[in-house]
Amino acid sequence: MNASTGLIIRGAEILYPDGRLEKGDVAIAQGMIQQVASQINESATNEINAEGLTLLPGVIDPQVHFREPGLEHKEDLFTASCACARGGVTSFLEMPNTKPPTIDQTAMDDKLQRAADKCLVNYGFFVGATGDNLEALETVNPACGIKIFMGSAHGSLLVSQEQQLDPIFARGKRLIAVHAEDQERIEQRRQLFEGASDPAVHSQIKDKQAALNATKLALKLSKRYQRRLHILHLSTAEEAELLREEKPSWVTAEATPQHLLLNTDAYEKIGTFAQMNPPLRSRHDNDVLWQALLDGVLDFVATDHAPHTLEEKQKEYPNSPSGMPGVETSLALMLTQAKAGRCTIAQVSHWLSTAVANAYKIPNKGVIAQGYDADLVLVNLNDYSPVQREDIVSKCGWSPFEGWNLTGWAQTTIVGGQIAYHQGQFNTDVRGKALRFDG
Ligand code: DOR
């Protein structure tokens, strides 16, 4: 190790790849982990005393909406990446529903350049399907996968009919990630609730059957071509049960903290701030999704960070937009569940980091071991503090979890060996890198 460029983290409880938590030191140089040992005798220019803290692989959030270009009044890549750093998120995969949408190489190059200019954490982007950009779906690079909105339209990005979806599944090998909601059913049901302003009807318009129909269709097409499929933000017990019965080896699925921890009771408490797509379901759905995650039916956790301003969210339903922020709270929310005994810290780290790196074939990330990238987060599992609106760094300035008392907040977030965030302070000189996908 080159002492003049190195960083040593001392005395942390380290999460080892086999799930063990043991006290030790980690030496970092040239952006990589050089050594993990119970004690490192060398010294470095920069040392962190991590006594009492737990060192985890940085979170890789595989579903976020960061709004740049075109919707920067809600969020931009700088504010979003600061929010990531505060939440212990060291890499993100971003969705194509920006303005313009990421549907061709020009839009991808533009996003990559913007991210290189202003992101404190590592970044990757999906290419979005429009129904008439088949060629681009296979050639735009680098892309973590193809995103299909089967429902919940975003302008040209809606692809809902089987005859339009089939050629996308038939052609190429890339991972296809689907927002599975049946648009036709939603449009029919919307008429049934015409004039309703209670946000709770959102879960009835976009009902469980709408989600199940689309998930079934995506599975059918994936099986037809043995095509790599990922089902985004699974929301219902029925979809989880379907996957438990028949989940091909080439299919993965994710849950969000919102669908695991919030349910339709939230409409009473936070109204339109609980509105998202797919919508919140019942307590029973929370429990079934949680069990599916524990059993490996669901593979990992994503936030679907979808910021909208306070003013926008305060509009009366249905004029209020759907979506909630998440990157600042996902790690602490899940670690709080671990502390409460619902899972282990190793499982949380697997769902938020290791399994994501595996699914998207992101090399060198998601594990604390020699030779891996030094994307790390030190968390404090000793005390609890609440989610507070005034602490939110995301431009949206609110969280659906305000008031929740959480442990496991990130103290220090390290991106490529550099300290991007430390106890409320950001090092805005740090820049992440474009992720590689070896798929
Ligand atoms: O509620 C949502 N909002 N769900 C999505 O999938 C997208 C999103 C957004 O971009 O606002």
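Things to note:
- Any hit, the stretch 163-175, residues being closer than 20 Å to L242 by Cβ and charged (D, E, K, R): no
- Being touching a Pro at 6+ places or on another chain (Cβ under 7 Å), open to solvent by less than 20 Å² (accessible area, probe 1.4 Å) and either within 16 Å of the ligand (Cβ to nearest atom) or in a loop (DSSP other than H, G, I, E, B) (or both) is not true of H230.
- Residue list for the stretch 375-401, restricted to those being within 24 Å of F66 (Cα to Cα) and of a type in the set (A, V, I, L, M): L376, V377, V387, I392, V393
- Residue match in the stretch 236-245 (condition: touching a Leu at 6+ places or on another chain (Cβ under 9 Å), within 16 Å of the ligand (Cβ to nearest atom) and in a loop (DSSP other than H, G, I, E, B)): yes
- Residues within the stretch 36-50 that are in contact (Cβ under 8 Å) with a residue 24 or more places away in the chain, open to solvent by 70 Å² or more (accessible area, probe 1.4 Å) and farther than 14 Å from I419 by Cβ, tallied: 2
- Residues in the stretch 307-317 that are open to solvent by 10 Å² or more (accessible area, probe 1.4 Å) and either within 11 Å of the ligand (Cβ to nearest atom) or part of a helix (DSSP H, G or I) (or both): H308, L310, E311, E312.
- Residue selected from the stretch 394-424 under the condition of a type in the set (V, I, T) and surrounded by fewer than 21 Cβ atoms within 10 Å (Cβ to Cβ), by the criterion nearest to the chain's Cα centre (by Cα): T407
- Tallying residues that are acidic (D, E), in contact (Cβ under 8 Å) with a residue 24 or more places away in the chain and farther than 29 Å from Q411 by Cα within the stretch 84-122 yields 2.
- Any hit, the stretch 219-226, residues being in a strand (DSSP E or B), more than 16 Å from the ligand (Cβ to nearest atom) and either modelled with pLDDT of 95 or more or among the small types (G, A, S) (or both): no
- Residue that is nearest to S81 (Cα to Cα) [pool: residues in the stretch 263-303 that are open to solvent by less than 10 Å² (accessible area, probe 1.4 Å) and within 12 Å of the ligand (Cβ to nearest atom)]: T303
- Qualifying residue in the stretch 337-344 (condition: open to solvent by less than 10 Å² (accessible area, probe 1.4 Å), in contact with a helix residue (DSSP H, G or I) (Cβ under 6 Å, 6 or more places away or on another chain) and at pLDDT 95 or above): no
- Filter result for the condition that a residue is closer than 23 Å to E254 by Cα and of a type outside the set (A, V, I, L, M), over K365, K313: K365
- The set of residues in the stretch 51-99 that are within 24 Å of Q370 (Cα to Cα) and surrounded by fewer than 23 Cβ atoms within 10 Å (Cβ to Cβ) comprises E51, G52, L53, T54.
- Verdict on T256 being crowded, with 19+ Cβ neighbours inside 10 Å and touching a His at 6+ places or on another chain (Cβ under 7 Å): yes
The values are calculated or read from the model by the stated rules, or taken from the named source; none is laboratory data. Keep in mind that what you see is a predicted model, and the values were worked out from it rather than measured. Because the Cβ atoms are built from the backbone with ideal geometry, glycine has one as well, and the counts that use them run over all protein chains shown. Just the protein is used for accessible areas: all its heavy atoms, side chains included, with ligands, DNA and RNA removed. Shrake-Rupley method; radii C 1.70, N 1.55, O 1.52, S 1.80 Å.
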